[in-house]
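The values are calculated or read from the model by the stated rules, or taken from the named source; none is laboratory data. This one's a predicted model, so the numbers in the text were calculated from it and none came from an experiment. Don't worry about glycine lacking a Cβ; one is built from the backbone with ideal geometry, like all the others, and counts go over all protein chains shown.
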Amino acid sequence: MTLFTSDRLRGIEKTLIRQVNDRANASSINLGLGELDFPTPAAILEGVATGVRSWPMGYTANAGLPELRDLIARRSGPGLTADNVCVTIGAEEAIFAVLMVLVNAGDEVLVPDPGFPAYESIVRMAGGTPVAYILPPDRGFTLDASELERRLTPRTRAVIINSPHNPTGAVYTGEELRHVAALCRKHNLTALSDEVYRAVIFEGRAESLSEHYERTVVVDSLSKTYAMTGWRLGWCVAHPELIRLLGTFNQLAISCPPAVCQRAAILALEGAADEEMSRNMGELKRRRDLAARCLKESTGLAFRVPRGAFYLWADVSARLSPSRTSLDLALELIERENVVVIPGAAFGRAAAGSIRLSFAASPANIEEGIRRVGRFLGRA
Ligand SMILES: Cc1ncc(COP(=O)(O)O)c(C=O)c1O
């Protein structure tokens with residue numbers, strides 16, 4: 001039998017993050033996945049358990065429940081209304097939908113390197129060409145508008161930025177964002193600002209590009225903020241015309257996000273879980289400090305203490321060679337020490353000399369996992 005498939009996915013694979021995680025087993029110490037090990041906040045579980053008996057459970061509007069869209073709009077900035085909001089199945093579908101709506105065949109989209117690998121694959125699936133801009137390690141992975149400008153061509157249509165940043169934990173300053181806003185304005189570009197880690201910040205406040213640039217599409221979700229990855233609930237905030245097209249996309253792709261998850265989002269955004277969240281953030285900060293101390297003591301690898309998100313980004317370039325990539329090293333770590341870390345190669349070409357370790361795991365797993373990484377590197 002000949003199985004006919006489209007060209008659209010040719011050469012596109014599941015990201016290396018998933019491929020490495022798929023090698024882990026139930027007994028592995030997983031410092032790989034970008035997922036907090038906290039449960040869904042109790043107040044949200046209780047609210048859903050009670051509400052589900054009376055909530056309407058039919059289809060909702062394609063762009064989401066009006067009251068949820070209104071709530072997101074009010075939290076997102078002055079002057080915004082429900083017409084600026086489309087609810088999606090996690091940030092992942094939001095990014096997919098936005099790029100499907102924005103990108104024509106041959107259009108170029110600037111993506112960060114290192115950066116979340118789905119950007120590049122989704123740009124390709126939408127028919128566009130991803131063009132990497134480098135976040136320089138020697139300058140703390142800062143966002144440099146002149147580096148973006150060097151990558152522009154007449155085909156550049158959009159820029160994707162992500163702050164707090166996965167995988168480095170960098171948080172962009174107002175000044176960096178203002179320079180990017182000026183560049184986008186000058187070249188008439190749309191900016192997609194992935195802000196899923198905006199609430200996961202250990203010092204100060206993370207600014208949004210939308211505070212500086214009117215043509216920003218903000219993407220966010222419940223996943224990282226509320227430890228609700230499996231609820232698959234996200235959204236984007238943008239110009240009403242773009243939102244209208246996203247509503248059409250939603251109708252054809254998903255009909256609507258699950259009604260019960262939208263109701264859970266209303267509970268979350270109305271503040272039901274705020275106390276538990278701030279306790280979680282305190283705990284996450286302790287885990288960051290624990291992970292940083294363990295990594296320093298057990299491995300001696302160079303890394304920066306991250307200001308946001310929940311990853312340590314460590315330089316292993318001295319342990320690599322042309323015949324031993326960061327992927328080889330990550331696979332050896334699983335095989336010999338049963339510890340999962342993500343190879344830098346998952347995040348781009350310029351990132352291949354690093355590994356990403358998540359400190360969203362339990363303190364016991366952080367300590368034991370990093371101890372094993374140290375033991376492995378000591379022998380390797
Ligand atoms: C930078 C970034 N954007 C988007 C996502 C997707 O998040 P969601 O669970 O909301 O789809 C992730 C998940 O790891 C991420 O790290």
Qualifying position, being touching a Cys at 6+ places or on another chain (Cβ under 8 Å) and either among the polar types (S, T, N, Q) or outside the structural domain of ASN162 (by TED's automatic domain parsing) (or both), among ARG371, ARG307: ARG371
Answer from GLY234, GLY230 - the residue that is surrounded by fewer than 15 Cβ atoms within 10 Å (Cβ to Cβ) and within 16 Å of the ligand (Cβ to nearest atom): GLY230
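Restricting the range 178-199 to residues that are within 16 Å of the ligand (Cβ to nearest atom) and surrounded by fewer than 23 Cβ atoms within 10 Å (Cβ to Cβ), which is farthest from LEU110 (Cα to Cα)?
Residues of the range 178-199 that are within 16 Å of the ligand (Cβ to nearest atom), as a first pass: 191-199.
Keeping just the survivors that are surrounded by fewer than 23 Cβ atoms within 10 Å (Cβ to Cβ) gives 198-199.
Numbers: ARG198: 21, ALA199: 24 Å.
In this case the residue turns out to be ALA199.
Out of everything in the range 63-75 that is touching a residue at least 12 places away in the same chain (Cβ under 8 Å) and surrounded by fewer than 20 Cβ atoms within 10 Å (Cβ to Cβ), what residue ends up being nearest to SER208 (Cα to Cα)?
Once the filter is applied, the top-ranked residue is ARG75.
Would you confirm whether or not the range 315-325 contains a residue that is part of a helix (DSSP H, G or I) and under 24 Å from the mean Cα position of the chain (by Cα)? Steps first, answer last, please.
The initial filter retains those residues of the range 315-325 that are part of a helix (DSSP H, G or I), namely 317-319.
Going one step further and asking which of them are under 24 Å from the mean Cα position of the chain (by Cα), we end up with none.
Scanning the range 315-325, I find no residue that is part of a helix (DSSP H, G or I) and under 24 Å from the mean Cα position of the chain (by Cα), so the answer is no.
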Given (1) outside the structural domain of VAL373 (by TED's automatic domain parsing); (2) out of contact with any strand residue (DSSP E or B) (no Cβ under 7 Å at 6 or more places or on another chain); (3) touching a residue at least 12 places away in the same chain (Cβ under 8 Å), index of the condition LEU242 fails: (2)
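Would you be able to say whether some residue in the range 82-101 is over 22 Å from the mean Cα position of the chain (by Cα) and without any contact (Cβ under 8 Å) to a residue 24 or more places away in the chain?
Filtering the range 82-101 for residues over 22 Å from the mean Cα position of the chain (by Cα) gives 82-83.
Now narrow it down to the ones that are without any contact (Cβ under 8 Å) to a residue 24 or more places away in the chain: 82.
The answer is yes; a qualifying residue exists.
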Residue satisfying all of: in the range 205-236; over 15 Å from the mean Cα position of the chain (by Cα) and touching a residue at least 60 places away in the same chain (Cβ under 8 Å); nearest to ILE89 (Cα to Cα) among these: TRP231
Per-region count, the range 244-281, residues closer than 20 Å to GLY58 by Cβ and among the small types (Gly, Ala, Ser): 6
First in the range 133-155 and over 17 Å from ALA352 (Cα atoms), second anywhere and surrounded by fewer than 15 Cβ atoms within 10 Å (Cβ to Cβ), Cβ under 9 Å, 6 or more apart: THR142/PRO136; ASP144/PRO136; ALA145/ALA182; GLU147/PRO136; GLU149/LYS186; GLU149/HIS187; LEU152/HIS187; ARG155/GLY106
Residue within the range 289-297 that is within 16 Å of the ligand (Cβ to nearest atom), surrounded by fewer than 22 Cβ atoms within 10 Å (Cβ to Cβ) and either of a type in the set (Asp, Glu) or assigned to a helix (DSSP H, G or I) (or both) present: no
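Yes or no: ALA346 outside the structural domain of ILE89 (by TED's automatic domain parsing), small (Gly, Ala, Ser) and free of Cβ contacts under 8 Å to residues at least 60 places away in the same chain? Break it down stepwise before answering.
Numbers: outside the structural domain of ILE89 (by TED's automatic domain parsing): yes; small (Gly, Ala, Ser): yes; free of Cβ contacts under 8 Å to residues at least 60 places away in the same chain: no.
Against the criterion (outside the structural domain of ILE89 (by TED's automatic domain parsing), small (Gly, Ala, Ser) and free of Cβ contacts under 8 Å to residues at least 60 places away in the same chain), ALA346 does not qualify.
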